[in-house]
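The values are calculated or read from the model by the stated rules, or taken from the named source; none is laboratory data. All values derive from a computational prediction rather than experimental measurement. Glycine gets a Cβ as well: all are built from the backbone with ideal geometry, and neighbour counts include every protein chain shown. The protein model used for the area step is the full one, side chains on, heavy atoms only, and it has no ligands, DNA or RNA in it. Shrake-Rupley method; radii C 1.70, N 1.55, O 1.52, S 1.80 Å.
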Amino acid sequence: MTAARKKIAVVCATFNNDRSAKPDRYWLQPQSGLQIASQLDRDRYDVTLHHEMWHGLYRVDDVPAVDLVFLTGLQRDFDRQRQLAYLFKRKGAVTVAGGSICTLFPSFAAEFFDVVCAGGVDSVPDVMRDFERGEPRQIYVSAPTSISDYRVDYRLLSDAGIGGQLHLVEASRGCDFACAFCTVPAERARHTTFGVDWVLTMIDDAIDNSPRWSVKRLYPIVSFIDNNFANDRDYTHELCAALKRHSRLKGWGALVTQDILRDHELIERMAGAKCRILFTGIESLDPAFLKANNKRQNVKYADTLFEDVAFAQRRGIVVVYGYLLDPRVSRIAEMTAQAEDLARIDVLTYPSYFSFIAPLLGTRLFWDSAERGEMRPNLRLRDLDGTTIAYRGGHDTDEELSRFGETVFRHTNRLVSRRRLVLKSLKMAWRTRRRYPLDYGILLNANLRVMHEMHIATRGVHRNYLGGTDILDPSYTWFPEDISPEDRRRYFDPILITDSESRPQPWLERYRPPTGRTLRPRPGTS
């Protein structure tokens with residue numbers, strides 16, 4: 001009699017930005033779960049891929065009984081990974097966790113999961129080998145620059161019912177820049193390429209495994225989700241040549257650093273290779289902010305930014321970006337004025353999103369903020385999501401900051417009207433001589449993207465946007481009635497970053513960098 005196949009679940013854990021439990025079927029879905037599941041032998045195991053962002057959050061009774069579960073997520077989602085670990089353990093599963101917190105603080109993460117994977121997803125084969133022998137180790141380490149030779153199985157997405165209009169593909173991982181607020185340099189994830197042939201295979205596989213009569217099959221567009229697509233110029237040139245020849249590909253977009261816009265020859269080559277949109281790290285137009293956060297590439301080319309963006313736009317490439325707000329430096333009136341001014345700058349699209357700067361754990365910004373004692377008291381890991389104010393001691397009162405957060409994320413139309421953004425899109429399209437309806441659609445979508453959070457916000461959830469006191473997600477209370485007080489604290493109490501006096505929590509002390517180093521000046525100071 002043949003033994004039943006072991007069941008494995010791969011879960012992309014997530015918290016919704018508005019702190020509700022509803023799904024968000026935005027096109028940019030997490031891809032780490034796909035990478036993990038692609039390394040599992042589906043002929044030997046019964047594999048399930050679940051995106052909480054797409055499918056919705058597992059409730060207590062929804063968690064399936066499996067033999068092994070892989071849990072992955074962003075820093076803000078680590079508490080959700082812990083919650084799921086408890087629920088899966090109750091049903092007998094071995095829990096494996098990965099992600100930024102597991103990479104930067106592996107021994108701390110091991111307090112909640114049976115197995116912790118630090119680094120990239122390439123430790124999956126080692127985990128499976130030891131799992132089959134019944135001897136899984138507590139911590140596995142995979143170098144961020146290590147890329148294994150495995151084929152991404154895009155059937156997993158269609159089998160799981162995960163859709164979207166774009167194909168999400170990686171051409172590389174990591175980045176060689178060292179921005180102070182970014183976790184990539186903290187994780188020592190230097191830029192590493194997959195190889196042109198490998199990328200072309202992924203694109204073809206993604207197209208072939210999409211629904212037959214879908215837009216993804218009939219008019220395939222790829223979004224490269226690399227940390228820094230053009231970090232390696234020679235590789236980028238080679239890849240562009242291959243993408244230009246790809247007969248099935250209709251267009252693509254990527255994320256690049258601002259200095260790439262200054263390389264007009266490369267921009268010309270990208271445009272000729274069917275590039276239609278570039279997301280670039282403009283972050284802010286404030287030179288003091290850029291310098292303080294080590295955005296050297298932005299400071300160097302700040303004087304030519306508008307000229308460089310205009311050049312790309314004339315070549316048919318829409319340049320989009322996010323905009324960071326820092327209440328430590330700017331008053332609400334100044335941040336509001338910046339938001340209004342951005343609507344009047346004709347050469348720039350409106351920011352795709354606004355975000356409060358967050359001291360992500362492990363970054364230089366975090367450790368500098370800890371040394372200065374400027375983070376809010378009782379700050380929680382959950383609060384480092386970009387929609388929550390993590391700092392104290394700004395120019396405005398908490399009440400004023402709370403109302404400003406409400407405006408930015410719930411009533412964005414108070415900063416800029418939808419009508420103004422539509423007119424801005426038409427004006428930009430006319431100036432750059434857009435010829436195709438798709439080009440108008442790309443511009444319109446780019447300018448209206450900022451309204452997304454406002455549209456999906458749950459009206460019954462009332463936030464104050466202040467770290468340490470803001471409302472928590474409902475899943476913090478989703479636990480069985482018979483849970484022990486110890487397990488409730490261990491798996492469902494939020495992870496704290498600071499204490500009541502804004503000092504780092506004791507668990508962080510073991511990871512503190514060597515003392516005596518010079519702090520970078522805070523933005524707005526000399």
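Observations on the model:
- Note that the stretch 165-172 has calculated 3J(HN,Hα) couplings of 8, 10, 8, 9, 9, 9, 10, 6 Hz, one per residue in order, obtained from phi through the Karplus relation 6.51 cos²θ - 1.76 cosθ + 1.60 (θ = phi - 60°); glycine and proline are x.
- Nonlocal amide H pairs with Arg380, under 5 Å, H built at 1.01 Å: Gly468, Ile497
- Where chymotrypsin sites (Phe, Trp or Tyr not before Pro) in DSSP loops with at most 15 other Cβ within 10 Å are excluded, longest remaining stretch of the chain: 214-510
- Each residue of the stretch 98-112 was assigned a 3J(HN,Hα) from its phi angle through the Karplus curve 6.51 cos²θ - 1.76 cosθ + 1.60 (θ = phi - 60°); the sequence is x, x, 4, 5, 5, 6, 7, 9, x, 5, 5, 4, 5, 6, 10 Hz, with glycine and proline shown as x.
- Cα gyration tensor shape of the chain, rounded if a/c is under 1.5, else prolate or oblate by comparing a/b with b/c: oblate
- Between the stretch 74-148 and the stretch 390-419, the alpha-carbon centres lie 37 Å apart.
- Under DSSP loop assignment and at most 16 Cβ neighbours within 10 Å, longest GluC sites (Glu not before Pro)-free interval of the chain: 112-480
- What the pair-distance distribution of the stretch 69-121 shows, using all Cα-Cα distances binned every 10 Å from zero, is 30, 60, 10 percent.
- Amide H to amide H distances under 5 Å link Ser223 with His167, Leu168, Val169, Gly253, where only residues 5 or more positions off or on other chains count and H is placed in the peptide plane.
- Dimensionless Rg ratio for the stretch 235-276, taking C-alpha atoms and the 2.2 N^0.38 Å reference: 1.10
- Of the trypsin sites (Lys or Arg not before Pro) found in the stretch 453-513, those that fall in a DSSP loop while having at most 14 other beta-carbon atoms within 10 Å are Arg459, Arg510.
- Sequence-distant residues sharing a close amide H with Lys6 (under 5 Å, placed H): Asp46
- The stretch 150-247: Cα Rg divided by the 2.2 N^0.38 Å rule of thumb: 1.19
- Separation of the stretch 497-512 from the stretch 341-386 is 19 Å, based on Cα centroids.
- Shape category assigned to the stretch 69-187 from the gyration tensor of Cα positions, a/c cut at 1.5: rounded
- Cysteines without a disulfide-compatible partner [the chain; Cβ-Cβ under 4.7 Å]: Cys12, Cys102, Cys117, Cys175, Cys240, Cys275
- Here the accessible area of the chain is 51 percent carbon and sulfur, with a 1.4 angstrom probe and all protein chains present.
- The alpha carbon convex hull volume per residue for the stretch 315-452 rounds to 122 Å³.
- Computed from backbone phi with θ = phi - 60° and the Karplus coefficients 6.51, -1.76 and 1.60, the 3J(HN,Hα) list for the stretch 365-382 is 4, 5, 5, 5, 5, 5, 4, 7, x, 9, 7, 5, x, 6, 5, 10, 4, 4 Hz; x is used for glycine and proline.
- The residues of the chain expose, per residue, 43 Å² of accessible area to a 1.4 Å probe.
- For the stretch 1-117: rounded, prolate or oblate by the Cα gyration tensor [a/c cutoff 1.5]: prolate
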